[in-house]
Amino acid sequence: MSEALQSKIFEHLFTTKDVGKGTGLGLAIARQIILEKHSGSLEVHSTLGQGTEF
C-alpha cells in the first residue's frame, strides 16, 4: 500500500471500499483497543505490490 494510504488507515471512518460497502471502523477500533486499553503497539509494514503486515 502507498505511504499516503498508510498515513490514513487508522483514521476513524477511513475506508478504501465503495460507498455502502465499508464503515471505516475496523482498524481505528483495533488501534484504540490495542493502544489505549492494553498499552500495546500496532505497526504496519507494507511493500507496494507485495503485501502488508500488521
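The values are calculated or read from the model by the stated rules, or taken from the named source; none is laboratory data. If you're wondering where the values come from, they're calculated on a predicted model, not measured in any experiment. Remember, those area values only see protein heavy atoms, side chains included, never the ligands or the DNA or RNA. Shrake-Rupley method; radii C 1.70, N 1.55, O 1.52, S 1.80 Å.
Structural remarks
- ³J(HN,Hα) computed for each position of segment 27-41 - Karplus, 6.51 cos²θ - 1.76 cosθ + 1.60, integer Hz, glycine/proline x: 6, 5, 5, 4, 4, 4, 5, 5, 7, 7, 7, 10, 6, x, 9
- Listed by chain and number, the lysines whose C-alpha is less than 17 Å from the C-alpha of Lys8, apart from same-chain residues fewer than 8 away, are Lys17.
- For the chain, calculated [θ]222 nm from helices alone, where every DSSP H run of n ≥ 4 adds -39500 (n - 2.57): -3500 deg cm²/dmol
- Whole-percent carbon and sulfur share, accessible surface of the chain, 1.4 Å: 51
- Residue-span extension gain [Thr16 to Gln32] - 0.36 nm each, minus C-alpha spacing: 3.8 nm
- In segment 2-45, the alpha-carbon atoms span a convex hull of 69 Å³ per residue.
- Solvent-accessible area per residue in the chain equals 81 Å², computed with a 1.4 angstrom probe and all protein chains kept.
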